[in-house]
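First comes the structure, then the notes that go with it.
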Amino acid sequence: MKSSLIVFWKEIRENLRDRRTVINTLLTGPLFAPLVFVLIINTAVTREIDKAEQPLPVPVAGAANAPNLIAELKQHGALIKDAPADPEHAVREGDADLVLRIPADYADAWRKGESAQVELIYDQSQRDAQASVSRLESLLESYGQRTGALRLIARGISPAVTRPLVVAARDQSTAQARSGTMFGMLPYFFILGAFIGGMALAIDTTAGERERQSLEPLLVNPVSRGKILIGKLGATSAFAVTTLLLSIIAFSIAGQFLPVEKLGMSLEIGPRFALLTLFVMLPLVVVLATLQTLAAAFAKSFREAQTYLSLLMFVPVIPTLLMSVFPLKTQTWMYAVPLMGQQVAIMRLMRGDPVTPAQFGLCFACSAVAAFFIYLITAQVYRSERLAISA
Amino acid sequence: MIEVKDLRKAFGAVKAVDGVSFVARDGEITGLLGPNGAGKTTTLRMLYTLMRPDAGHVLVDGIDAAVDPLAVRRRLGVLPDARGLYKRLSARENIEYFARLQGLDAPTRRSRIDALIAALDMADIADRHTEGFSQGQRVKTAIARALVHDPRNVILDEPTNGLDVMATRSMRAFMRKLKDDGRCVLFSSHIMQEVGALCDRIVVIAHGRVVADESPDALRAQTGTASLEDAFVKIIGSEEGLAA
């Protein structure tokens, strides 16, 4: 154990003197991801709020044909404007989100009690316009329903006759859960942070050591390769954990500034969230550090190792992607799968959903076992003759 | 003392070392001479347990390297072919790291490192980061860290490789000093003048085999040549890979 500690402290000391590594570990890794994340969410949230509260500009062609409808729309926050000369072209080009066209025969049909038609011109593929389109649609819909009800009453018929079924929507999602769907990427950012934090050391302590020809002299010392490897893994994990810790702290602070409550959401980012996230992530950090070291041990040079590790970086995104494409119901076995367990646990923590101590334990234990197995494989690679030979 | 008995190592179909035996005694400098690619480095790597021989034995002070490699490494001071330093550590810290790995306590470390820095005349560079060191300064640092645990047996793989004249001279003087301390010094070289000037015993290796194992004088007498150079050419059978 003493030899491992000697290796550990030497790697820590040497890498703390490398400005690029330190910046990656203490600044880029922990701050970049949460900050970008907060920025994106903030923009999205602010835009949603803006759209809902601001007056809705509605270019109308033939407004004079339906003065009552126009008055009704104005009353509900629509800002009636003149339509462009060629509405279809304007919408296709994105110059207008939508255009409402009221044909000349509208008034005639309305007076006769027939179905009067209005045209809503929009582009389904313009995501930006969707909120405006659905707002206008619901305004038109409710105007039509109200008028229909009044006509029935005028004829002595209850409006209920035409509405045999009424759906009352009762949304059971809690405020935290609604925000959870938006924050699905967060666990990935934590994992990515830890990955970036350990990367420099994983490369420097294996492929780097081989490239600068210092591995062979090191292995001539009377210390077993397993112990040397433990020291190196420890140093890599220590840097990765530092990055993770700073990342969680940065997010916990930045999360306070997110205007999520304006969307009727709430987040459970407190000390409890931070501590439990750290707990489930710890064994995963060792898994990642060991995987990185393993990949780098196969590389002959620094550059080769960087290529391998960049590819490896895509592995943690897999469960995040899978779970957004196939939103599975959370089941206990998921906690047993490294990466997925952390994903599920952190998501539920943030949404304020319960996670039992047994599930935390399962998540921790299974990742720890995975880390141990990857360590055994890496140690096997480390014992090979090929590893030591620099040339 | 280092004893090598019928050592063999093959890489695929290539027999890099094919039955090498010799003895390097205490208080003597033994030179391993041979052309490039003769199997010198592979032989030495098996000696310091970096590689495992396919067959044969290595005994260091009577300890079998296959049985107790850690004990063997503790008795060896090795300057391998690869002599990279940690460039963000000072020369002293580089040496200190290996001293700790050798398990030396703090007072021993301090006295040994100070003694080596004085003996290798490197006081002016001891506390500089090794980035930007000259080849000679790098070799000095690598030797100091290899000998920090005061080993009885010293293995040097091409120690004067890449050194200028002055550095080569001081390296040779240092090796003689190691011999005078009563240590067993084994070094490899493809430079015959160096081997002739330094060695008590010369082991000539060609194509993975020992082709001669004599004192320099005996070697000249055996081949009936006046100069060592001619003797080597005669023994090896060609001039390929040798440098004067």
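The values are calculated or read from the model by the stated rules, or taken from the named source; none is laboratory data. This is a predicted model, so every value here is computed, not measured. Don't worry about glycine lacking a Cβ; one is built from the backbone with ideal geometry, like all the others, and counts go over all protein chains shown.
I'm checking my understanding of the structure. Among residues of the range B:183-231 that are in a helix (DSSP H, G or I) and without any contact (Cβ under 8 Å) to a residue 12 or more places away in the chain, which one is surrounded by the fewest Cβ atoms within 10 Å (Cβ to Cβ)? Ranking the qualifying residues of the range B:183-231, first place goes to B:Asp217.
When A:Phe302, A:Phe298, A:Phe279, A:Phe239 are checked against the criterion of being closer than 19 Å to A:Val369 by Cα, more than 19 Å from the chain's Cα centre (by Cα) and among the aromatic types (Phe, Trp, Tyr), a single residue qualifies: A:Phe279. Keeping to the range B:96-107, report how many residues are within 11 Å of chain A (Cβ to nearest Cβ) and either in a helix (DSSP H, G or I) or surrounded by fewer than 19 Cβ atoms within 10 Å (Cβ to Cβ) (or both). The qualifying residues number 7.
Okay, residues lined up against (1) in a helix (DSSP H, G or I); (2) touching a Pro at 6+ places or on another chain (Cβ under 8 Å); (3) closer than 30 Å to A:Ala238 by Cα; (4) touching a residue at least 40 places away in the same chain (Cβ under 8 Å):
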| residue | (1), (2), (3), (4) |
| --- | --- |
| A:Leu27 | yes, no, yes, no |
| A:Pro34 | yes, no, yes, yes |
| A:Ala71 | yes, no, no, no |
| A:Lys81 | no, yes, no, no |
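Consider A:Ile377 carefully, then state whether it is out of contact with any Leu (no Cβ under 6 Å at 6 or more places or on another chain) and within 14 Å of another protein chain (Cβ to nearest Cβ). When the stated conditions are applied, A:Ile377 does not pass them. Every test in (1) over 30 Å from the mean Cα position of the chain (by Cα); (2) closer than 30 Å to A:Ile249 by Cβ is passed by A:Gly62 save one, and that test is (2). For the range B:148-161, filtering for residues that are touching a Gly at 6+ places or on another chain (Cβ under 9 Å) and surrounded by fewer than 24 Cβ atoms within 10 Å (Cβ to Cβ) leaves 5. Any chance the range B:156-178 includes a residue that's part of a helix (DSSP H, G or I), over 22 Å from B:Lys5 (Cβ atoms), in contact (Cβ under 8 Å) with a residue 40 or more places away in the chain and among the charged types (D, E, K, R)? For the range B:156-178, residues part of a helix (DSSP H, G or I), over 22 Å from B:Lys5 (Cβ atoms), in contact (Cβ under 8 Å) with a residue 40 or more places away in the chain and among the charged types (D, E, K, R): present. All conditions but one from (1) modelled with pLDDT of 90 or more; (2) surrounded by fewer than 17 Cβ atoms within 10 Å (Cβ to Cβ) apply to B:Gln135; the one that does not is (1).
Collect the residues in the range B:54-95 that are in a helix (DSSP H, G or I) and either more than 20 Å from the chain's Cα centre (by Cα) or more than 7 Å from chain A (Cβ to nearest Cβ) (or both), keeping them in residue-number order. Write out each step before concluding.
Looking only at the range B:54-95, we keep the residues that are in a helix (DSSP H, G or I), and these are B:69-75, B:91-95.
Within the range B:54-95, B:Pro69, B:Ala71, B:Val72, B:Arg75, B:Ala91, B:Arg92, B:Glu93, B:Asn94, B:Ile95 meet the criteria.
Residues in the range A:1-21 that are exposed (fewer than 15 other Cβ atoms within 10 Å of the Cβ) and either within 11 Å of another protein chain (Cβ to nearest Cβ) or part of a helix (DSSP H, G or I) (or both): 6 in all.
If you go through the range A:299-323 and pick out every residue that is over 19 Å from A:Leu244 (Cα atoms), modelled with pLDDT of 85 or more and not small (Gly, Ala, Ser), you end up with 7. Among the residues in the range A:308-323, are any in contact with a Pro (Cβ under 9 Å, 6 or more places away or on another chain), of a type in the set (S, T, N, Q) and assigned by TED's automatic domain parsing to the domain that holds A:Asp204? For the range A:308-323, residues in contact with a Pro (Cβ under 9 Å, 6 or more places away or on another chain), of a type in the set (S, T, N, Q) and assigned by TED's automatic domain parsing to the domain that holds A:Asp204: present.
For the range B:20-41, which residues satisfy the criterion of being β-branched (Val, Ile, Thr) and touching a residue at least 60 places away in the same chain (Cβ under 8 Å)? Show your work before the answer.
Initial filter on the range B:20-41 (β-branched (Val, Ile, Thr)): B:20, B:23, B:29-30, B:41.
Correct list: B:Val20, B:Ile29, B:Thr30, B:Thr41.
Collect the residues in the range A:283-307 that are surrounded by fewer than 21 Cβ atoms within 10 Å (Cβ to Cβ), among the hydroxyl-bearing types (Ser, Thr, Tyr) and not in a loop (DSSP other than H, G, I, E, B), keeping them in residue-number order. Selection gives A:Thr307 alone. In the range B:139-150, the residues that are under 13 Å from B:Ala126 (Cα atoms) reach residues that are assigned to a helix (DSSP H, G or I) with C-beta atoms within less than 6 angstrom, at least six apart or across chains, in these pairs: B:Thr141/B:Ala91; B:Thr141/B:Asn94; B:Ala144/B:Ile95; B:Ala144/B:Leu116; B:Arg145/B:Asn94; B:Arg145/B:Ile95; B:Arg145/B:Phe98. Selection of the range B:128-147 for residues being part of a loop (DSSP other than H, G, I, E, B) and more than 14 Å from chain A (Cβ to nearest Cβ) yields only B:Ser134. Filtering A:Pro87, A:Pro34, A:Pro30 for residues that are touching a strand residue (DSSP E or B) at 6+ places or on another chain (Cβ under 8 Å) and surrounded by 14 or more Cβ atoms within 10 Å (Cβ to Cβ) leaves a single hit, A:Pro87.
Which is at pLDDT below 85 and among the hydrophobic types (A, V, I, L, M, F, W, C), of A:Ala107, A:Ala131? First the steps, then the outcome.
Values: A:Ala107 fails: at pLDDT below 85.
Going through A:Ala107, A:Ala131 in turn, the sole match is A:Ala131.
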